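The structure appears below as C-alpha coordinates.
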Amino acid sequence: MNKPKCVKVIIVLVFCVSTLLCGCSTTKFGRNHEFDPAHIVFRAGALSDIHQNLNNADNNSFKMVYALMYLEKLSGGELDAVLVAGDLTDTATKDQVGQFKNNYLRCFQPEDVPLIYSMGNHDAKNETYETLKTYPEWFGPRFFQTDQEDSRIEEGNRHCVVNGIHILTIMPENYAVYGEVVMGEKTLSWLDATLAKITTEEPGKPVFVLTHAMPYDTCYGSDLKLGDTKGKLGWYSRDIVDVLSKYNQVITLSGHLHFPLNDERSIMQTDFTALGCGSVRFMAIENGNFEDMRSATVMNDCAAYSQGLYIEVDIYGNTRIVRVDFYNDGPIKEDWIIPAPKADGSHLKVYGKNRAENPAPVFNQGGSAYVNTDGTITVGFAAATDDDLIHDYSVFIYDKEGNELRRFNILADFYKYTDPAKMKDSYSINIGTFNPAAILIKVVARDSWGNECEQLIAF
Ligand SMILES: [Ca+2]
(Lines give C-alpha, C1' and ligand atoms only; values in the text may rest on other atoms or scores of the structure.)
Protein backbone atom coordinates (compact mmCIF):
# COMPACT_ATOMS: atom_id res chain seq x y z
CA MET A 1 0.00 0.00 0.00
CA ASN A 2 1.35 3.41 -0.95
CA LYS A 3 1.70 5.97 1.82
CA PRO A 4 0.11 9.35 1.17
CA LYS A 5 2.61 11.93 -0.10
CA CYS A 6 2.37 14.10 3.03
CA VAL A 7 3.32 11.13 5.24
CA LYS A 8 6.39 10.48 3.07
CA VAL A 9 7.42 14.14 3.43
CA ILE A 10 7.00 13.98 7.20
CA ILE A 11 9.09 10.78 7.39
CA VAL A 12 11.87 12.37 5.32
CA LEU A 13 11.77 15.55 7.42
CA VAL A 14 11.90 13.60 10.70
CA PHE A 15 14.84 11.56 9.38
CA CYS A 16 16.75 14.67 8.34
CA VAL A 17 16.14 16.49 11.62
CA SER A 18 17.01 13.44 13.72
CA THR A 19 20.21 12.90 11.77
CA LEU A 20 21.18 16.52 12.36
CA LEU A 21 20.33 16.38 16.05
CA CYS A 22 21.91 13.00 16.64
CA GLY A 23 25.21 14.06 15.17
CA CYS A 24 26.22 10.41 14.83
CA SER A 25 26.57 10.22 11.07
CA THR A 26 29.93 8.73 10.09
CA THR A 27 30.00 11.13 7.16
CA LYS A 28 31.53 13.72 9.49
CA PHE A 29 34.90 11.93 9.33
CA GLY A 30 37.37 13.95 7.32
CA ARG A 31 35.54 17.25 7.70
CA ASN A 32 37.51 20.36 8.37
CA HIS A 33 36.61 21.13 11.95
CA GLU A 34 38.50 21.96 15.11
CA PHE A 35 38.94 19.17 17.65
CA ASP A 36 35.63 18.62 19.42
CA PRO A 37 36.10 17.36 23.00
CA ALA A 38 32.33 17.09 23.43
CA HIS A 39 32.09 14.40 20.73
CA ILE A 40 34.78 11.80 21.25
CA VAL A 41 34.32 8.43 19.56
CA PHE A 42 37.52 6.69 20.68
CA ARG A 43 39.60 6.92 23.84
CA ALA A 44 42.73 4.81 24.13
CA GLY A 45 45.96 4.50 26.00
CA ALA A 46 49.06 3.82 23.89
CA LEU A 47 51.97 2.32 25.77
CA SER A 48 55.19 0.58 24.92
CA ASP A 49 58.04 -1.27 26.55
CA ILE A 50 56.28 -2.43 29.68
CA HIS A 51 58.87 -5.20 30.10
CA GLN A 52 57.20 -7.32 32.73
CA ASN A 53 59.40 -9.68 34.71
CA LEU A 54 58.98 -11.44 37.99
CA ASN A 55 61.89 -9.93 39.91
CA ASN A 56 60.17 -6.55 39.87
CA ALA A 57 63.20 -4.80 38.38
CA ASP A 58 62.54 -1.07 38.08
CA ASN A 59 59.23 -1.67 39.88
CA ASN A 60 57.86 -2.84 36.54
CA SER A 61 54.67 -4.48 37.81
CA PHE A 62 53.55 -1.42 39.75
CA LYS A 63 54.42 0.86 36.85
CA MET A 64 52.20 -1.13 34.49
CA VAL A 65 49.19 -1.03 36.79
CA TYR A 66 49.75 2.62 37.62
CA ALA A 67 49.89 3.56 33.93
CA LEU A 68 46.68 1.68 33.14
CA MET A 69 44.83 3.24 36.05
CA TYR A 70 46.09 6.69 35.18
CA LEU A 71 44.93 6.35 31.56
CA GLU A 72 41.53 5.21 32.81
CA LYS A 73 41.38 8.34 34.98
CA LEU A 74 42.29 10.57 32.03
CA SER A 75 39.47 9.04 30.00
CA GLY A 76 36.94 9.85 32.69
CA GLY A 77 36.35 6.13 33.19
CA GLU A 78 35.57 5.62 29.52
CA LEU A 79 38.71 4.06 28.08
CA ASP A 80 37.87 2.12 24.90
CA ALA A 81 41.14 0.29 24.31
CA VAL A 82 44.74 -0.13 25.42
CA LEU A 83 47.28 -0.25 22.60
CA VAL A 84 50.73 -1.65 23.35
CA ALA A 85 53.51 -1.22 20.81
CA GLY A 86 55.58 -4.18 21.94
CA ASP A 87 57.86 -5.50 24.66
CA LEU A 88 55.10 -6.57 26.97
CA THR A 89 57.64 -8.77 28.74
CA ASP A 90 61.37 -9.02 29.26
CA THR A 91 62.03 -12.53 27.96
CA ALA A 92 58.63 -13.81 26.80
CA THR A 93 58.22 -16.55 29.40
CA LYS A 94 54.83 -17.90 30.41
CA ASP A 95 55.21 -16.41 33.90
CA GLN A 96 55.95 -12.96 32.51
CA VAL A 97 52.98 -13.07 30.18
CA GLY A 98 50.97 -14.27 33.17
CA GLN A 99 52.06 -11.27 35.19
CA PHE A 100 51.19 -8.94 32.33
CA LYS A 101 47.79 -10.57 31.95
CA ASN A 102 47.07 -10.52 35.68
CA ASN A 103 48.03 -6.87 35.94
CA TYR A 104 45.76 -6.08 33.00
CA LEU A 105 42.88 -7.95 34.60
CA ARG A 106 43.41 -6.03 37.83
CA CYS A 107 42.45 -2.92 35.86
CA PHE A 108 40.17 -4.01 32.99
CA GLN A 109 38.19 -6.85 31.56
CA PRO A 110 39.22 -7.31 27.91
CA GLU A 111 35.56 -7.42 26.87
CA ASP A 112 35.17 -3.86 28.18
CA VAL A 113 38.59 -2.45 27.36
CA PRO A 114 40.28 -4.53 24.65
CA LEU A 115 44.05 -4.93 24.72
CA ILE A 116 45.66 -4.70 21.29
CA TYR A 117 49.37 -5.38 21.17
CA SER A 118 52.15 -5.81 18.66
CA MET A 119 55.10 -8.07 19.41
CA GLY A 120 58.37 -6.46 20.40
CA ASN A 121 61.82 -7.98 20.06
CA HIS A 122 61.68 -9.01 23.73
CA ASP A 123 58.36 -10.76 23.11
CA ALA A 124 59.82 -12.53 20.10
CA LYS A 125 62.99 -13.57 21.92
CA ASN A 126 64.80 -11.86 19.08
CA GLU A 127 64.91 -14.54 16.40
CA THR A 128 62.45 -17.07 17.85
CA TYR A 129 58.84 -16.56 16.84
CA GLU A 130 57.34 -19.45 18.79
CA THR A 131 55.67 -16.81 20.99
CA LEU A 132 53.39 -15.76 18.11
CA LYS A 133 51.57 -18.99 19.01
CA THR A 134 52.10 -19.13 22.76
CA TYR A 135 51.09 -15.54 23.58
CA PRO A 136 47.54 -15.99 22.20
CA GLU A 137 47.29 -19.32 24.03
CA TRP A 138 48.40 -17.78 27.31
CA PHE A 139 46.20 -14.71 26.96
CA GLY A 140 43.19 -16.70 25.75
CA PRO A 141 40.46 -15.83 23.24
CA ARG A 142 38.97 -13.14 25.50
CA PHE A 143 41.88 -10.95 24.45
CA PHE A 144 41.28 -11.29 20.71
CA GLN A 145 37.65 -10.32 20.28
CA THR A 146 38.23 -7.20 18.20
CA ASP A 147 40.28 -9.02 15.55
CA GLN A 148 38.68 -8.98 12.11
CA GLU A 149 38.50 -11.74 9.51
CA ASP A 150 41.68 -10.57 7.84
CA SER A 151 43.64 -10.64 11.11
CA ARG A 152 46.63 -13.01 11.02
CA ILE A 153 47.18 -13.44 14.74
CA GLU A 154 49.56 -16.36 14.23
CA GLU A 155 51.73 -14.12 12.05
CA GLY A 156 51.54 -11.08 14.31
CA ASN A 157 49.73 -9.03 11.66
CA ARG A 158 46.41 -8.05 13.16
CA HIS A 159 43.47 -5.94 12.10
CA CYS A 160 41.30 -4.86 15.01
CA VAL A 161 38.36 -2.47 15.14
CA VAL A 162 37.17 -0.62 18.22
CA ASN A 163 34.32 1.89 17.99
CA GLY A 164 34.81 2.02 14.24
CA ILE A 165 38.50 2.92 14.55
CA HIS A 166 40.94 0.56 12.83
CA ILE A 167 44.09 -0.57 14.61
CA LEU A 168 46.70 -2.71 12.85
CA THR A 169 49.67 -4.49 14.37
CA ILE A 170 52.60 -5.67 12.31
CA MET A 171 55.42 -8.14 12.83
CA PRO A 172 58.90 -8.03 11.28
CA GLU A 173 60.38 -11.10 9.65
CA ASN A 174 63.46 -10.55 11.79
CA TYR A 175 64.26 -8.50 14.82
CA ALA A 176 67.81 -8.18 13.66
CA VAL A 177 70.20 -8.54 16.52
CA TYR A 178 72.57 -7.30 13.83
CA GLY A 179 71.39 -4.94 11.17
CA GLU A 180 68.10 -3.11 10.83
CA VAL A 181 64.64 -4.50 11.45
CA VAL A 182 63.19 -6.01 8.27
CA MET A 183 59.41 -6.24 7.90
CA GLY A 184 59.63 -8.51 4.88
CA GLU A 185 57.35 -9.25 1.98
CA LYS A 186 54.68 -11.20 3.86
CA THR A 187 53.99 -8.43 6.37
CA LEU A 188 54.33 -5.62 3.83
CA SER A 189 51.91 -7.15 1.32
CA TRP A 190 49.39 -7.83 4.09
CA LEU A 191 49.79 -4.28 5.40
CA ASP A 192 49.45 -2.77 1.93
CA ALA A 193 46.30 -4.73 1.09
CA THR A 194 44.70 -4.12 4.49
CA LEU A 195 45.41 -0.39 4.47
CA ALA A 196 44.18 -0.10 0.88
CA LYS A 197 40.85 -1.66 1.82
CA ILE A 198 40.34 0.33 5.02
CA THR A 199 41.27 3.70 3.57
CA THR A 200 39.19 3.21 0.43
CA GLU A 201 36.12 2.32 2.45
CA GLU A 202 36.66 4.85 5.23
CA PRO A 203 38.51 7.98 4.18
CA GLY A 204 38.72 10.72 6.77
CA LYS A 205 39.49 8.38 9.65
CA PRO A 206 42.89 7.94 11.25
CA VAL A 207 44.22 4.38 11.07
CA PHE A 208 46.58 3.36 13.86
CA VAL A 209 49.47 1.03 13.07
CA LEU A 210 51.40 -0.51 15.96
CA THR A 211 54.98 -1.32 15.02
CA HIS A 212 57.51 -1.87 17.78
CA ALA A 213 60.41 -0.69 15.61
CA MET A 214 59.94 2.81 14.24
CA PRO A 215 59.68 3.65 10.55
CA TYR A 216 63.11 4.97 9.59
CA ASP A 217 63.78 8.72 9.62
CA THR A 218 60.47 9.77 11.13
CA CYS A 219 60.12 10.56 14.83
CA TYR A 220 62.69 10.93 17.63
CA GLY A 221 65.08 7.99 17.72
CA SER A 222 64.05 6.48 14.40
CA ASP A 223 67.54 7.02 13.03
CA LEU A 224 69.45 5.64 16.02
CA LYS A 225 72.55 4.13 14.52
CA LEU A 226 73.29 0.46 14.55
CA GLY A 227 76.12 -0.14 16.94
CA ASP A 228 75.17 2.76 19.18
CA THR A 229 74.05 0.16 21.67
CA LYS A 230 75.24 -3.22 22.87
CA GLY A 231 74.85 -6.10 20.43
CA LYS A 232 74.28 -3.77 17.47
CA LEU A 233 70.56 -4.14 17.89
CA GLY A 234 68.49 -2.81 14.99
CA TRP A 235 66.34 0.17 15.95
CA TYR A 236 64.29 1.06 12.90
CA SER A 237 62.61 -0.43 9.88
CA ARG A 238 63.46 1.10 6.55
CA ASP A 239 61.43 -1.23 4.34
CA ILE A 240 58.13 -0.26 5.96
CA VAL A 241 58.31 3.37 4.88
CA ASP A 242 57.19 3.01 1.25
CA VAL A 243 53.97 1.19 2.13
CA LEU A 244 53.04 3.57 4.95
CA SER A 245 53.75 6.56 2.71
CA LYS A 246 50.92 5.50 0.39
CA TYR A 247 48.30 6.03 3.11
CA ASN A 248 48.15 9.48 4.66
CA GLN A 249 45.55 8.33 7.20
CA VAL A 250 48.20 6.26 8.99
CA ILE A 251 49.36 7.13 12.50
CA THR A 252 52.13 4.78 13.62
CA LEU A 253 52.62 4.05 17.32
CA SER A 254 56.07 2.73 18.13
CA GLY A 255 58.44 1.99 20.98
CA HIS A 256 61.71 0.08 21.21
CA LEU A 257 63.69 3.27 21.84
CA HIS A 258 62.34 4.27 25.30
CA PHE A 259 63.01 7.90 24.36
CA PRO A 260 61.40 10.74 26.36
CA LEU A 261 58.16 12.13 24.96
CA ASN A 262 59.14 15.59 26.21
CA ASP A 263 61.07 15.99 22.96
CA GLU A 264 58.82 17.47 20.26
CA ARG A 265 60.37 15.19 17.65
CA SER A 266 58.38 12.37 19.26
CA ILE A 267 55.72 13.21 16.69
CA MET A 268 56.74 13.58 13.06
CA GLN A 269 54.69 13.92 9.90
CA THR A 270 56.12 12.92 6.55
CA ASP A 271 53.68 11.20 4.17
CA PHE A 272 52.02 9.81 7.28
CA THR A 273 52.21 10.54 11.02
CA ALA A 274 54.68 8.73 13.28
CA LEU A 275 54.62 8.75 17.07
CA GLY A 276 56.83 7.37 19.77
CA CYS A 277 55.05 5.94 22.81
CA GLY A 278 57.95 6.39 25.27
CA SER A 279 58.42 3.57 27.74
CA VAL A 280 56.53 2.45 30.82
CA ARG A 281 59.45 0.59 32.39
CA PHE A 282 62.51 2.84 31.95
CA MET A 283 63.87 5.63 29.83
CA ALA A 284 66.73 5.83 27.32
CA ILE A 285 68.25 8.44 25.01
CA GLU A 286 70.34 8.74 21.86
CA ASN A 287 74.07 8.16 22.05
CA GLY A 288 75.38 11.68 22.49
CA ASN A 289 78.54 10.66 24.36
CA PHE A 290 77.00 12.28 27.40
CA GLU A 291 78.76 12.48 30.74
CA ASP A 292 77.52 10.64 33.81
CA MET A 293 75.47 7.91 32.09
CA ARG A 294 74.87 4.25 32.97
CA SER A 295 75.64 3.33 29.37
CA ALA A 296 75.87 5.08 26.02
CA THR A 297 72.07 5.34 25.73
CA VAL A 298 70.83 4.89 29.30
CA MET A 299 70.79 7.58 31.97
CA ASN A 300 71.65 6.81 35.60
CA ASP A 301 68.14 7.77 36.67
CA CYS A 302 66.42 5.95 33.79
CA ALA A 303 64.36 3.72 36.06
CA ALA A 304 62.50 6.59 37.70
CA TYR A 305 60.62 7.64 34.61
CA SER A 306 57.56 6.12 33.04
CA GLN A 307 55.67 7.61 30.11
CA GLY A 308 52.95 6.87 27.58
CA LEU A 309 50.22 8.39 25.43
CA TYR A 310 46.52 9.03 25.90
CA ILE A 311 44.68 9.32 22.59
CA GLU A 312 41.25 10.61 21.64
CA VAL A 313 39.55 10.65 18.24
CA ASP A 314 36.54 12.90 17.71
CA ILE A 315 33.60 12.50 15.30
CA TYR A 316 35.46 14.41 12.60
CA GLY A 317 38.49 12.14 12.72
CA ASN A 318 40.69 14.65 14.52
CA THR A 319 43.14 12.95 16.87
CA ARG A 320 44.29 14.48 20.14
CA ILE A 321 47.42 13.08 21.76
CA VAL A 322 48.24 13.71 25.41
CA ARG A 323 51.77 12.83 26.43
CA VAL A 324 51.60 11.39 29.92
CA ASP A 325 54.35 11.42 32.53
CA PHE A 326 53.30 8.74 35.00
CA TYR A 327 56.18 9.63 37.35
CA ASN A 328 55.12 13.26 37.74
CA ASP A 329 51.40 12.51 37.42
CA GLY A 330 50.65 14.84 34.58
CA PRO A 331 50.52 15.72 30.93
CA ILE A 332 53.77 16.80 29.28
CA LYS A 333 53.56 20.26 27.72
CA GLU A 334 50.87 20.90 25.09
CA ASP A 335 48.62 18.25 23.58
CA TRP A 336 49.21 17.40 19.93
CA ILE A 337 46.22 17.55 17.61
CA ILE A 338 46.42 15.78 14.27
CA PRO A 339 43.69 17.12 11.99
CA ALA A 340 41.28 14.69 10.36
CA PRO A 341 42.88 13.06 7.32
CA LYS A 342 42.26 14.82 3.99
CA ALA A 343 42.84 13.39 0.52
CA ASP A 344 45.26 16.22 -0.28
CA GLY A 345 47.43 15.45 2.75
CA SER A 346 46.96 18.93 4.20
CA HIS A 347 46.59 17.39 7.67
CA LEU A 348 50.27 16.42 7.50
CA LYS A 349 51.49 20.01 7.65
CA VAL A 350 51.32 20.49 11.42
CA TYR A 351 54.19 18.40 12.81
CA GLY A 352 56.71 18.23 10.00
CA LYS A 353 60.47 18.43 9.91
CA ASN A 354 60.20 22.14 9.14
CA ARG A 355 59.62 22.67 12.86
CA ALA A 356 63.42 22.56 13.08
CA GLU A 357 63.31 26.19 11.99
CA ASN A 358 62.66 27.74 15.37
CA PRO A 359 64.43 30.20 17.67
CA ALA A 360 67.83 29.10 18.91
CA PRO A 361 68.58 28.94 22.63
CA VAL A 362 69.96 32.00 24.38
CA PHE A 363 72.48 32.32 27.21
CA ASN A 364 71.45 35.17 29.47
CA GLN A 365 73.49 34.96 32.64
CA GLY A 366 76.99 33.76 31.76
CA GLY A 367 79.16 31.46 33.82
CA SER A 368 82.53 31.11 35.46
CA ALA A 369 85.42 28.73 35.97
CA TYR A 370 87.54 28.24 39.04
CA VAL A 371 90.43 26.09 40.22
CA ASN A 372 89.63 23.69 43.04
CA THR A 373 91.97 22.93 45.95
CA ASP A 374 92.99 19.67 44.26
CA GLY A 375 94.04 21.58 41.15
CA THR A 376 91.14 20.52 38.96
CA ILE A 377 88.91 23.06 37.29
CA THR A 378 85.15 23.39 37.65
CA VAL A 379 83.11 25.14 34.98
CA GLY A 380 79.71 26.48 36.01
CA PHE A 381 77.13 28.25 33.92
CA ALA A 382 73.54 29.39 34.08
CA ALA A 383 71.07 27.37 32.02
CA ALA A 384 70.22 28.74 28.59
CA THR A 385 66.62 29.46 27.66
CA ASP A 386 64.70 28.42 24.55
CA ASP A 387 61.21 28.70 23.03
CA ASP A 388 60.87 25.00 23.90
CA LEU A 389 63.63 23.39 25.94
CA ILE A 390 67.38 22.78 26.07
CA HIS A 391 68.20 19.22 25.07
CA ASP A 392 71.93 19.19 25.83
CA TYR A 393 75.08 21.21 26.38
CA SER A 394 78.69 20.85 25.32
CA VAL A 395 81.69 22.29 27.15
CA PHE A 396 84.71 22.72 24.87
CA ILE A 397 88.26 23.24 26.10
CA TYR A 398 90.62 24.83 23.56
CA ASP A 399 94.22 25.84 23.67
CA LYS A 400 95.07 29.44 22.85
CA GLU A 401 95.48 28.53 19.18
CA GLY A 402 91.92 27.26 19.09
CA ASN A 403 92.71 23.55 18.97
CA GLU A 404 90.14 21.44 20.78
CA LEU A 405 91.65 19.68 23.78
CA ARG A 406 88.55 18.17 25.35
CA ARG A 407 84.82 18.14 24.87
CA PHE A 408 82.23 17.27 27.52
CA ASN A 409 78.62 16.63 26.52
CA ILE A 410 75.93 17.11 29.15
CA LEU A 411 72.39 15.83 28.73
CA ALA A 412 69.96 18.44 30.05
CA ASP A 413 67.24 17.40 32.50
CA PHE A 414 64.34 18.05 30.10
CA TYR A 415 63.03 14.50 30.43
CA LYS A 416 62.44 14.85 34.17
CA TYR A 417 59.63 17.41 34.11
CA THR A 418 56.26 17.90 32.45
CA ASP A 419 57.04 21.64 32.17
CA PRO A 420 60.46 22.82 30.91
CA ALA A 421 60.18 25.81 33.26
CA LYS A 422 61.02 23.38 36.09
CA MET A 423 64.37 22.42 34.59
CA LYS A 424 67.38 23.30 36.72
CA ASP A 425 68.80 26.77 36.30
CA SER A 426 72.52 26.04 36.41
CA TYR A 427 75.05 23.37 35.52
CA SER A 428 78.60 22.64 36.57
CA ILE A 429 81.21 20.16 35.51
CA ASN A 430 84.71 19.29 36.65
CA ILE A 431 86.89 19.32 33.54
CA GLY A 432 90.05 17.99 35.18
CA THR A 433 93.45 19.59 35.34
CA PHE A 434 94.55 22.28 32.91
CA ASN A 435 96.74 25.37 33.12
CA PRO A 436 94.06 28.08 33.41
CA ALA A 437 96.26 30.54 31.57
CA ALA A 438 96.60 28.21 28.57
CA ILE A 439 92.98 27.39 27.78
CA LEU A 440 89.73 28.87 26.49
CA ILE A 441 86.39 27.47 27.61
CA LYS A 442 83.27 27.58 25.46
CA VAL A 443 79.81 26.33 26.36
CA VAL A 444 77.20 25.46 23.70
CA ALA A 445 73.47 24.93 24.39
CA ARG A 446 71.23 23.05 21.94
CA ASP A 447 67.51 22.59 21.58
CA SER A 448 65.99 19.32 20.32
CA TRP A 449 66.46 20.39 16.73
CA GLY A 450 70.16 21.21 16.94
CA ASN A 451 69.69 24.97 17.05
CA GLU A 452 72.41 26.29 19.30
CA CYS A 453 74.00 29.25 21.04
CA GLU A 454 77.40 29.60 22.65
CA GLN A 455 79.31 31.61 25.20
CA LEU A 456 82.89 31.84 26.41
CA ILE A 457 83.55 31.24 30.09
CA ALA A 458 86.25 33.16 31.89
CA PHE A 459 88.10 32.41 35.14
CA1 LIG B 1 64.28 26.34 19.99
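The values are calculated or read from the model by the stated rules, or taken from the named source; none is laboratory data. These numbers come from a predicted model, not from an experiment. Virtual Cβ from ideal backbone geometry, glycine too; neighbours counted across all protein chains shown. Just so you know, the surface numbers come from the protein's heavy atoms only, side chains and all, with ligands and any DNA or RNA stripped out. Shrake-Rupley method; radii C 1.70, N 1.55, O 1.52, S 1.80 Å.
Using 1/(1 + (r/R0)^6) with R0 = 41 angstrom and r between the beta carbons of Leu54 and Arg31, what's the FRET efficiency to the nearest 0.05?
Details: r = 49 Å, r/R0 = 1.20.
Approximately 0.25, to the nearest 0.05.
What does the charge count around Tyr316 come to, taking other residues whose C-beta lies under 9 Å from its C-beta (Lys +1, Arg +1, Asp -1, Glu -1)?
My count for the surroundings of Tyr316 gives -1.
Normalise the Cα radius of gyration of region 36-176 by 2.2 N^0.38 Å (N = residues in it) and let me know the number.
Normalised Cα radius of gyration, region 36-176: 1.02.
Please compute the length gained on full extension between Asp425 and Ala343, using 0.36 nm multiplied by the number of residues separating them and subtracting their Cα-Cα distance.
Going from the current span to full extension adds 24.9 nm.
Using a 1.4 Å probe over the heavy atoms of the protein chains, calculate the carbon and sulfur portion of the accessible area of region 367-457 as a whole percent.
About 46 percent, which is the carbon plus sulfur part of the accessible surface.
If Lys and Arg each add +1 and Asp and Glu each add -1, what is the summed charge of the other residues whose beta carbon sits under 12 Å from the beta carbon of Ala38?
Numbers: positive: none; negative: Glu34, Asp36, Glu312, Asp314.
It works out to a net charge of -4.
Report, in whole Å, the centroid distance computed from the Cα atoms of region 155-179 and region 87-113.
What the calculation gives is 18 Å, centre to centre.
Quick check: the angle from helix 5-22's long axis to the longest principal axis of the chain, C-alpha only, nearest 10 degrees?
That helix lies at roughly 20 degrees to the long axis.
Taking the Cα centroid of region 311-329 and of region 228-283, what is the distance between the two, rounded to the nearest whole Å?
Measuring centre to centre over Cα atoms gives 17 Å.
Dipole magnitude of the chain about its Cα centre, charges +1 at Lys/Arg Cβ and -1 at Asp/Glu Cβ only, in debye to the nearest 20?
1060
Given a 1.4 Å probe, how much area per residue of the chain is accessible, in Å²?
Computed with neighbouring chains in place, this is 43 Å² per residue.
Helix 60-74 sits at what angle to the longest principal axis of the chain, using alpha carbons and giving 0 to 90 degrees rounded to 10?
Once rounded, one gets 60 degrees.
First compute the accessible area of region 26-356 with a 1.4 Å probe, then give the percent of it belonging to carbon and sulfur atoms.
Numbers: 5960 of 12190 Å².
Roughly 49 percent of what the probe reaches on region 26-356 is carbon or sulfur.
Determine, from the Cβ-Cβ distance of Asn354 and Asn409 and an R0 of 30 Å, the FRET efficiency 1/(1 + (r/R0)^6), rounded to the nearest 0.05. Intermediate values should be presented prior to the final figure.
Numbers: r = 27 Å, r/R0 = 0.89.
Computed FRET efficiency for Asn354 and Asn409: 0.65.
Net charge around Leu275, counting only other residues with Cβ within less than 11 Å of its Cβ (Lys, Arg = +1; Asp, Glu = -1)?
+2
Accessible surface of Ser428 in the full protein assembly, 1.4 angstrom probe, to the nearest 10 Å²?
The accessible area comes out at roughly 90 Å².
With θ set to phi - 60° and the Karplus curve 6.51 cos²θ - 1.76 cosθ + 1.60, what are the ³J(HN,Hα) couplings of region 405-413 in order, to the nearest whole Hz, using x for Gly and Pro?
Karplus-based 3J(HN,Hα) across region 405-413 equals 9, 8, 9, 10, 9, 10, 6, 6, 9 Hz.
At 222 nm, what helix-only mean residue ellipticity would the chain give, in deg cm²/dmol to the nearest 500, using -39500 (n - 2.57) for each DSSP H run of four or more? Mind dumping the intermediate values first?
Working: 6 runs with 79 residues, N = 459.
Only helices count here, giving -5500 deg cm²/dmol.
Mind checking the angle between helix 184-201 and the chain's longest principal axis? C-alpha axes, 0 to 90 degrees, to the nearest 10.
So the inclination is approximately 50 degrees.
What do you get for GluC sites (Glu not before Pro) in region 136-192 restricted to DSSP loop and a cutoff of at most 11 other Cβ within 10 Å of the site's Cβ?
Of the GluC sites (Glu not before Pro), the ones in loops of region 136-192 whose Cβ has at most 11 other Cβ atoms within 10 Å are Glu149.
Given DSSP loops and a limit of at most 12 other Cβ atoms within 10 Å, what is the longest stretch of the chain that contains no such trypsin sites (Lys or Arg not before Pro)? Don't skip to the end; give the middle numbers.
Details: sites that count: Lys225, Lys400, Lys424.
It works out to 1-224.
Starting from the Cα-Cα distance between Asp271 and Leu226, subtract it from 0.36 nm times their residue separation and give me the gain in nm to one decimal.
This chain segment gains 13.7 nm when fully extended.
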